[in-house]
Amino acid sequence: MLTHIKSAHPAVCRQWFEEIEPVGIAGGILRLRAHSGIHRDYLQRSCLDPFNDAARTVSQRLISVQFLGPDERVEPRRTAATRDPDTGTDLSVTVRSDAARALLDGAAPAGTPAPLMPVGTHDPLGIAPRDTTSGSYPYSLVLNPDYVFENFVVGPGSRLAHAAALAVAANPGRAYNPYFVHGDVGLGKTHLLQAICLHIKQRDDAIRIFYTSCEGFMTQFMEAVQAGEMTAFRHIFRDVDVLAIDDVHFLAKRDRTQEEFFHTFNSLYQSHKQIILSSDAPPEDIPDLEDRLVSRFKWGLVASVAPPCYETRVAILKQKARLRGFEIPDDVACHIAGKIDTNIRELEGAVVKLQVLSHLEKRAVDMPLALVALGDSTSRAERTVQIQTIIDAVTDFFGVKVSDLQSKRRQRSIALPRQVCMFLARRHTRYSLEEIGGFFGGRDHTTVMHAVKTVETRLESDAEFARSVVAIEHPLKVTGG
């Protein structure tokens, strides 16, 4: 099964799948035990279809998968039908757990005495399927076991937010309340929110945590108003120990919802219950947010997360790959980190593409595979222009020396050719931002990014400059292939 999932559903694979324990097969149900309730809930919500597909493909039977938590016990029913007729040995658990192990690892062993039965037959293990989704809260979001603090790569732009999140997780309701983290899309806000919830839950499973989106809060509020069930709504959101809400900026322009959230906030805060919020903007910059909410959001600690630097992006890529059970070579990680400098979700998307392509083509992750994953063709890689060719073309056109481009001089007559070189190197070579900067006096990746953006902006507004760049670029294309 696990081999099939890695091959057919590589995007859902996680390294910790190897820790799943097979319990047994009965009543057409394969039961698998996760090592925590968090992992069970995640598997049930996010991985059930791939596991069902794998179980049916490997066994060639119509069976379903059910995930159990570590404390859900399986008590066999002792009947004559489950005993070996020669020895009297009880086979109800041992045979079926062996078959379950074989099925999880590979395929059902030959000669196993009918461990798989059609769906709907009796249940000799004595457990009927049940819903194992997390908690009893409607519109709650599933906690991802990957989003623990240990897997959060801390960079210069996220140190404060990470340190504050650790403090909140260690002392909920007392350290920073509320904890408000803001930043652009895909920079790790959700990871920090979930890391706090996971840490608190691991320390004390009895703590009531409600993690939801702002949209979930608003939807449930509107449904409660229409159904006249505001008492039940308030019970759900106010009788918890930790309330975590993602994307709270969607409260903008929602007057009635803001009113209800204001009272919910006050009730939790006065009871020393932890409030955790994320937004794409700091409280004061959320449009049409009531002043009293802005004020309360700033009572605790407001922290921002900034885009990760080049070195942090490399570390994030390697960490994301390890969580999925494979390694990214250093040159590939550096190349992708140089190409993708926007947000972490795009970096993770590149990791998923690499994993999928690696399985499809049955080859190790390497630079040619990375070029394909990022949308570059192999033929383009073969036609890559040498950076020295670009430097020669630019110095000839502008009449400057190579030593000038590599110097610290910032005169316009030198800075512009240098920026054009960096722009063309970015466009026509496989070098990362960091590597391109190394050709021009050891400049860092941010300088190269600025140069590329400057040239791109001027190309749009200066027709004469655009013609000059085209004149420099044309022989490069001819030479390159």
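The conditions of being over 21 Å from residue 216 (Cα atoms), more than 19 Å from the chain's Cα centre (by Cα) and surrounded by fewer than 17 Cβ atoms within 10 Å (Cβ to Cβ) are met by residue 291.
Yes/no per residue for (1) within 14 Å of residue 398 (Cα to Cα); (2) in contact (Cβ under 8 Å) with a residue 60 or more places away in the chain; (3) of a type in the set (Val, Ile, Thr):
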| site | (1), (2), (3) |
| --- | --- |
| 410 | no, no, no |
| 427 | no, no, no |
| 442 | no, no, no |
| 445 | no, yes, no |
| 462 | no, no, no |
| 465 | yes, no, no |
| 469 | yes, no, yes |
| 475 | no, yes, no |
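Here's the yes/no breakdown for (1) at pLDDT below 85; (2) more than 25 Å from residue 433 (Cα to Cα); (3) within 16 Å of the chain's Cα centre (by Cα):
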| residue | (1), (2), (3) |
| --- | --- |
| 322 | no, no, yes |
| 328 | no, no, no |
| 338 | yes, no, no |
| 342 | yes, no, yes |
| 345 | no, no, yes |
| 348 | no, no, yes |
| 351 | no, no, yes |
| 360 | yes, yes, no |
| 365 | no, no, no |
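Among the residues making up the stretch 205-235, those that are surrounded by fewer than 18 Cβ atoms within 10 Å (Cβ to Cβ), over 17 Å from residue 173 (Cα atoms) and among the β-branched types (Val, Ile, Thr) are 219, 225, 231. Among the residues examined, residue 321 qualifies as outside the structural domain of residue 159 (by TED's automatic domain parsing), buried (at least 18 other Cβ atoms within 10 Å of the Cβ) and closer than 25 Å to residue 147 by Cα. The residues listed here are 303, 315, 321; of these, the one that is closer than 30 Å to residue 270 by Cα and in contact (Cβ under 8 Å) with a residue 12 or more places away in the chain is 303. Which residues, taken from the stretch 414-447, are farther than 19 Å from residue 310 by Cα and at pLDDT below 90? The one that is farther than 19 Å from residue 310 by Cα and at pLDDT below 90: 428. Screening 203, 254 for residues that are under 26 Å from residue 303 (Cα atoms) and within 29 Å of the chain's Cα centre (by Cα) leaves exactly one candidate, 203.
Counting only helices (runs of 4 or more DSSP H) wholly contained in the stretch 358-451, the ones carrying 2 or more residues that are closer than 26 Å to residue 466 by Cβ occupy 387-398, 402-405, 412-428, 433-439. Taking interchain pairs and intrachain pairs at least six residues apart, which have beta carbon atoms under 7 angstrom, with the first residue in the stretch 44-62 and in contact (Cβ under 8 Å) with a residue 60 or more places away in the chain and the second of a type in the set (Ser, Thr, Tyr)? Correct list of pairs: 44/132; 44/133; 45/133. Can you say whether residue 273 is at pLDDT 95 or above and assigned by TED's automatic domain parsing to the domain that holds residue 220, as far as the supplied structure shows? It is true that residue 273 is at pLDDT 95 or above and assigned by TED's automatic domain parsing to the domain that holds residue 220.
Selection of first residues in the stretch 11-37 that are within 14 Å of residue 55 (Cβ to Cβ) and of second residues that are assigned to a loop (DSSP other than H, G, I, E, B) and among the hydroxyl-bearing types (Ser, Thr, Tyr), restricted to Cβ pairs under 7 Å at least 6 apart or on distinct chains, gives the following pairs, ordered by first then second residue: 27/121; 28/121.
Which one of these is modelled with pLDDT of 60 or more, closer than 30 Å to residue 350 by Cα and not aromatic (Phe, Trp, Tyr): 31, 73, 14, 101?
Values: 31 fails: closer than 30 Å to residue 350 by Cα; 73 fails: closer than 30 Å to residue 350 by Cα; 101 fails: closer than 30 Å to residue 350 by Cα.
Selected residue: 14, the only one of 31, 73, 14, 101 that is modelled with pLDDT of 60 or more, closer than 30 Å to residue 350 by Cα and not aromatic (Phe, Trp, Tyr).
Restricting the search to the stretch 21-30, which residues are in contact with a helix residue (DSSP H, G or I) (Cβ under 7 Å, 6 or more places away or on another chain) and crowded, with 21+ Cβ neighbours inside 10 Å? 23, 24, 25, 26, 30, listed by residue number.
The values are calculated or read from the model by the stated rules, or taken from the named source; none is laboratory data. Every value quoted in this text rests on a predicted model; they were computed, and no experiment measured them. Backbone-built Cβ (ideal geometry, glycine too); neighbour counts: all protein chains shown.
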